[in-house]
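Worksheet for the structure shown next.
What follows is calculated from the coordinates using simple rules that are stated; it is not laboratory data. Computed from a predicted model, the values in this text were never measured in an experiment. Neighbour counts are summed over all protein chains in view; Cβ atoms, including those assigned to glycine, are modelled from backbone coordinates with ideal geometry.
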Amino acid sequence: VVELEHPVPYFTKLLILPSFYPINEKYAKEQGDKYGLEANKAVYNGPFTLSDWKHEASFTMKKNDKYWDKKEVKLDEVNYQIVKEISTAVNLYETDKVDRAVISTEFVDKYTNNKELKQYTDPV
């Protein structure tokens with residue numbers, strides 16, 4: 001049970017963010033200030049583990065063999081490109097270099113009626 005000092009109507013939506021994920025306290029204390037700063041300095045409890053991390057460039061996640069429902073995980077690996085410029089991300093998407101891109105409001109009109117795309121809004 002969580003008791004808040006003040007009402008926060010979106011509190012349960014915050015709980016899906018990584019900063020609220022449960023962690024192994026003993027391991028986190030052992031790692032100290034280095035916890036979570038590299039792929040091998042974190043603990044994973046989801047369907048994927050971080051296997052490679054090139055800071056500010058890319059990261060690779062591999063299927064977690066210890067995940068409770070690993071039979072249902074269809075992908076073996078997920079590769080993320082970190083693209084800071086939205087226009088660059090859109091260009092990479094349009095040239096089939098990436099499978100997804102986050103867009104800003106300046107691109108919304110261009111893609112709103114595109115039947116091939118799905119829209120996801122920030123949960124918070």
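The lysines within cross-link reach of residue 74, meaning a Cα-to-Cα straight distance under 29 Å and a gap of 8 or more places when in the same chain, are 13, 41, 54, 62, 63, 66, 84, 97, 115, 118. Mind checking the stretch 65-124 for chymotrypsin sites (Phe, Trp or Tyr not before Pro) that DSSP puts in a loop (not H, G, I, E or B) and that have at most 10 other Cβ atoms within 10 Å? For chymotrypsin sites (Phe, Trp or Tyr not before Pro) across the stretch 65-124 that sit outside H, G, I, E and B with at most 10 neighbouring Cβ atoms in 10 Å, the list reads 68, 120.
Largest first, the three principal axis extents of the alpha carbons in the stretch 24-82 are 34, 29, 11 Å in whole numbers.
The calculated 222 nm mean residue ellipticity attributable to helices in the chain amounts to -5500 deg cm²/dmol, summing -39500 (n - 2.57) over DSSP H runs of n ≥ 4 and dividing by all residues. Spatially, the stretch 1-21 and the stretch 47-123 are offset by 25 Å when compared through their Cα centroids.
The Cα-based radius of gyration and maximum Cα-Cα distance (Dmax) for the stretch 59-117 are 15.1, 43 Å. Each principal axis of the Cα cloud of the chain was taken in turn, and the coordinate range along them, longest first, works out to 48, 39, 32 Å. Sparse packing (at most 14 other Cβ atoms within 10 Å of the Cβ) combined with a DSSP loop state is found for the following trypsin sites (Lys or Arg not before Pro) in the stretch 28-77: 66, 74. In order along the stretch 56-63, phi translates into HN-Hα couplings of 6, 10, 6, 8, 10, 10, 10, 4 Hz, rounded to whole numbers, per the Karplus curve 6.51 cos²θ - 1.76 cosθ + 1.60 with θ = phi - 60° and x for Gly and Pro.
Across the stretch 3-124, the mean sequence separation of Cα contacts (distance under 8 Å, 6 or more residues apart), normalised by length, yields a relative contact order of 15 percent.
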